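The values are calculated or read from the model by the stated rules, or taken from the named source; none is laboratory data. None of the values given here were measured: they were computed from a predicted structure. Heads up, the Cβs are rebuilt from the backbone with ideal geometry, glycines too, and the neighbour counts pull from every protein chain shown. Surface accessibility is based on the protein's heavy atoms, side chains included, excluding ligands, DNA and RNA. Shrake-Rupley method; radii C 1.70, N 1.55, O 1.52, S 1.80 Å.
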Amino acid sequence: MVTGNQVRGWAEQKFSGMQEYRRHFHENPELSFQEKETSAYIQAVLERRGILFEAGVGGPWGIVARIKGEEPGPCIAFRADMDALGIREETNLPFSSRREGVMHACGHDFHMAALLGLAETLQEYREFVKGTVVFIFQFAEEIPPGGAGSMIEAGCLDGVDRIYGAHVDTQLPAGEIGVLEGPYMAASDSFFVDIKGGGGHGSCPYEAQDTMTTAATAILNINQIVSRLIDPLESAVISTCQIHGGVSYNVIPAKISLGGTIRTYKRETADFIRDEIERAVKAACSMYGTQYNYRFERGYPCLCNWERETAVVKRAAERTGQYHCREIRPTMVGEDFARYLERIPGAFFRVGVRNQEKDAIYPLHHSHFQADETGLMAALELFLQIYLTETGQ
Ligand code: NI
């Protein structure tokens, strides 16, 4: 059996390379569905290492690379996401984003670098590849409909037996791995409401069908759904996060638009909320004589980690002899890795990157988000140990 130290040695060799990749991605972030240069960079690395891949999978920027071993074995896939967020970086890191208003604030730069590190290691130590290893570089995780669905439709899971993915986490200290069997991340759907009235002078709301007050009432009605209409033992969140309308302090706008997110763990709860939001909006409109348009959009399903594969992650962490594996709590955050786990067995785990001394304490999606780069080593060692465990080595 390959020892933890041996794997650590491989990962150490790859550390500076992964760091370079990560910093390159960090400096050159691209928004969801626009990962053109990121995809080209990954393809160049794969080409340089002689790793075969297919580009343009499920969209122009999706990449699926494969390494086949001499000996038979299972087909194990690993996935990294590629997109950044529309956030202005405020970290002052020497390798801060060069693109104004775009930032790798969700650590996807880490995920890509670690996956490249894995591909390079297994290409170098090919004698350890039994069966096939698949590396999925997925575009657009952040914005529904996401890239996972179209990459699956394009066949990225064809012949794949199991899949694994990792996400950095600043809630977990560096050196820790987090995983949870079963339902772990919430389904995320969205809703959009347009409220329409006649508009008019701010001095005469009684003549204007007041869209503003309707919107305010609708938001408050919506906020009562979870607390008053849902079984308290079910998990659900509804947040109205967008409100657009009005151009002047003294004109009642003819239209106000709202948008929000719905997080649940059960499809029936999501469907119930879908209908209740419309009822809440309708009630507000009937009070003020306004009209509405309502649109509900189905997003990512609930992410559910498989039992056997969760155990493989725990075993892999143990085998490193380095990283403590902790059971973590379910979260209302969503992730389109859920779509892979709907199709085939697998697990999604967290890699701790919190480090007070390095100021890596801010949450994901924060303009000050930073991550301890030793997380690259942890992610690579875990991936390698998962692979070795899956192939009985
Ligand atoms: Ni993310």
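Can you pull out every residue in the range 36-90 that is charged (D, E, K, R) and not in a loop (DSSP other than H, G, I, E, B)? Before you say what the answer is, go through the steps one by one.
Within the range 36-90, the subset charged (D, E, K, R) is 36-37, 47-49, 54, 66, 68, 70-71, 79, 81, 83, 88-90.
36, 37, 47, 48, 54, 66, 68, 71, 79, 81 - these are the residues of the range 36-90 that are charged (D, E, K, R) and not in a loop (DSSP other than H, G, I, E, B).
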Matching entry among 114, 105 (being within 14 Å of the ligand (Cβ to nearest atom), of a type outside the set (Ser, Thr, Tyr), closer than 20 Å to residue 37 by Cα and not in a helix (DSSP H, G or I)): 105
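Every residue in the range 147-165 that is over 18 Å from residue 132 (Cα atoms), surrounded by fewer than 21 Cβ atoms within 10 Å (Cβ to Cβ) and touching a helix residue (DSSP H, G or I) at 6+ places or on another chain (Cβ under 9 Å), please.
The first filter runs over the range 147-165 and keeps only residues over 18 Å from residue 132 (Cα atoms), leaving 147-151, 153-154.
Subsequent filtering for residues that are surrounded by fewer than 21 Cβ atoms within 10 Å (Cβ to Cβ) retains 149-150, 153-154.
Residue satisfying the conditions is 149 alone.
Where in the range 141-232 are there strands (runs of 3 or more DSSP E), lying fully within it, with 2 or more residues that are farther than 30 Å from residue 372 by Cα and touching a strand residue (DSSP E or B) at 6+ places or on another chain (Cβ under 8 Å)? Can you show your working first?
On the way: elements: 162-173, 176-179, 182-185, 187-196.
Answer list for the range 141-232: 187-196.
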Residue 159 vs. criteria more than 24 Å from residue 109 (Cβ to Cβ) and in contact with a Cys (Cβ under 6 Å, 6 or more places away or on another chain): yes
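Just the residues that are open to solvent by less than 30 Å² (accessible area, probe 1.4 Å) and farther than 16 Å from residue 176 by Cβ, please, taken from the range 354-382. Outline the logic, then answer.
To start, the set of residues in the range 354-382 that are open to solvent by less than 30 Å² (accessible area, probe 1.4 Å) comprises 360, 367, 369-373, 375-382.
Matches in the range 354-382: 367, 369, 370.
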Every residue from the range 121-134 that is farther than 12 Å from residue 387 by Cα and either within 16 Å of the ligand (Cβ to nearest atom) or open to solvent by less than 10 Å² (accessible area, probe 1.4 Å) (or both): none
Residue 230 being at pLDDT 95 or above and open to solvent by 30 Å² or more (accessible area, probe 1.4 Å): no
Pair list, Cβ < 7 Å and 6+ apart or interchain, from the range 167-180 residues that are open to solvent by less than 20 Å² (accessible area, probe 1.4 Å) to residues that are of a type in the set (Gly, Ala, Ser) and within 13 Å of the ligand (Cβ to nearest atom): 167/107; 168/107; 168/371; 170/371
Enumeration of residues in the range 347-365 that are more than 14 Å from the ligand (Cβ to nearest atom) and not in a loop (DSSP other than H, G, I, E, B): 347, 352, 354, 355, 356, 357, 358, 360
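Would you say residue 393 is closer than 15 Å to residue 7 by Cα, more than 21 Å from the chain's Cα centre (by Cα) and outside any helix (DSSP H, G or I)?
On the way: closer than 15 Å to residue 7 by Cα: yes; more than 21 Å from the chain's Cα centre (by Cα): yes; outside any helix (DSSP H, G or I): yes.
So residue 393 passes the test.
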